[in-house]
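Visitor: This is the structure, below, for whatever I ask next.
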Amino acid sequence: MTRPRATTLAHGLVLGLMVLEACAGAPSLGPVAVELTVPPPAAAPVPPPPVLGPSLDASFDSRPEILLASDAAATTPPDGRAPLSACNEQPPQDFLVRSNFLRAPDGNGRSIQYRTDTYGSVPGFGHPGAGALPARGSVVTTTFMGLPVRMHKKVVPALRCVEEEIKVTCGEHPYTAHALAGVRFNNTYRGGEVTNHMFGIAIDIDPAINTCCGCVKPWSSSPLCARKAKTEYDRMAMPECWVHAFERYGFYWLGHDVLRDTMHYEFLGDPAKIQRSATVVGGGDGG
């Protein structure tokens, strides 16, 4: 992967900050990025997630809960490496993949109902059963690559396994994340869709530099979007191996979608199948 110059990085960071409010009020789709070599200023604000075009509702406040490296403070736990076998490998469930459910009859409705039944309800979507709890009630603060992030407690084990996978397989492609966006409580989609951020099962990494080339300007006018590239991997700051690490444990990268949202991963696997049994992990005979 060709590494951009530091000036390109600085341009990307400044661009992201300038569109903090611009993206929340316009309609469009997509993501992209550049290689991060220097951390952003601690006091600098972080932009909201990009507006994803015809599927998004600009009337919503799209500002997510974005946490910076400085927010981790002394509460970040030491690196106690869990074995890679702590999680089962699994692919995303096909019917939850956006490009699939948008083509299927009532595919969107089925996807929303599954997420409602599995993770809890979000206002205005799905048909919660009697006594169903809201998804936001199951959101916890965890860490990913040393940064704090708020996610649904059911997907936290998978996120930990992704982190271990990155540490083991991405050593030749160093990358330091500086801002994460997890749960948000306002929808950014329209047309009946609902963002997985509302369920707490989606995470954005460095929105200021892993942008959406299919979004409205100025996101789509980023120099990264104009760069000639064979694949979307060539336009992102994160190494490609991060994508493969997430995909190994049930996450789906929206860089594959028409949105080309390179900052965004969402857990579409089966949360009941994330963790291996203690017998398998510990190597016991189960007797």
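Visitor: Go through the stretch 140-159 and give me each residue that's of a type in the set (Lys, Arg) and either within 14 Å of TYR265 (Cβ to Cβ) or assigned to a strand (DSSP E or B) (or both).
Guide: Selection gives ARG150 alone.
Visitor: Could I ask something else about it? Quick one: is GLY120 over 23 Å from ASP261 (Cα atoms) and crowded, with 21+ Cβ neighbours inside 10 Å?
Guide: When the stated conditions are applied, GLY120 passes them.
Visitor: How many residues, within the stretch 220-257, are part of a loop (DSSP other than H, G, I, E, B), surrounded by 16 or more Cβ atoms within 10 Å (Cβ to Cβ) and of a type in the set (S, T, N, Q)?
Guide: Total meeting the criteria: 1.
Visitor: While we're looking at this one, here's another question. Of everything in the stretch 66-110 that's aliphatic (A, V, I, L, M) and at pLDDT 95 or above, which residue is farthest from the chain's Cα centre (by Cα)?
Guide: Among those residues, the one meeting the criterion is ALA104.
Visitor: Given the condition more than 13 Å from the chain's Cα centre (by Cα), assigned to a loop (DSSP other than H, G, I, E, B), surrounded by fewer than 21 Cβ atoms within 10 Å (Cβ to Cβ) and of a type in the set (Val, Ile, Thr), answer yes or no: does some residue in the stretch 166-183 qualify?
Guide: Yes.
Visitor: Among the residues of the stretch 121-139, which ones are part of a loop (DSSP other than H, G, I, E, B) and of a type in the set (Val, Ile, Thr)?
Guide: At the first step, the residues of the stretch 121-139 found to be part of a loop (DSSP other than H, G, I, E, B) are 122-133.
Matches in the stretch 121-139: VAL122 only.
Visitor: If you check every pair at least six apart or on different chains, which have Cβ atoms under 7 Å apart with a residue in the stretch 102-130 that is touching a residue at least 12 places away in the same chain (Cβ under 8 Å) and among the small types (Gly, Ala, Ser) first and a residue that is part of a loop (DSSP other than H, G, I, E, B) and surrounded by 14 or more Cβ atoms within 10 Å (Cβ to Cβ) second?
Guide: Once the first residue is touching a residue at least 12 places away in the same chain (Cβ under 8 Å) and among the small types (Gly, Ala, Ser) and sits in the stretch 102-130, its partners that are part of a loop (DSSP other than H, G, I, E, B) and surrounded by 14 or more Cβ atoms within 10 Å (Cβ to Cβ) give SER121/PRO128.
Visitor: Also, I was wondering about something else. Mind checking which residues of the stretch 184-230 are under 19 Å from the mean Cα position of the chain (by Cα) and without any contact (Cβ under 8 Å) to a residue 24 or more places away in the chain?
Guide: If the condition is that a residue be under 19 Å from the mean Cα position of the chain (by Cα) and without any contact (Cβ under 8 Å) to a residue 24 or more places away in the chain, then THR195 is the only one that fits.
The values are calculated or read from the model by the stated rules, or taken from the named source; none is laboratory data. If you're wondering where the values come from, they're calculated on a predicted model, not measured in any experiment. FYI the Cβ positions are ideal-geometry reconstructions off the backbone, even for glycines, and counts take in every protein chain you see.
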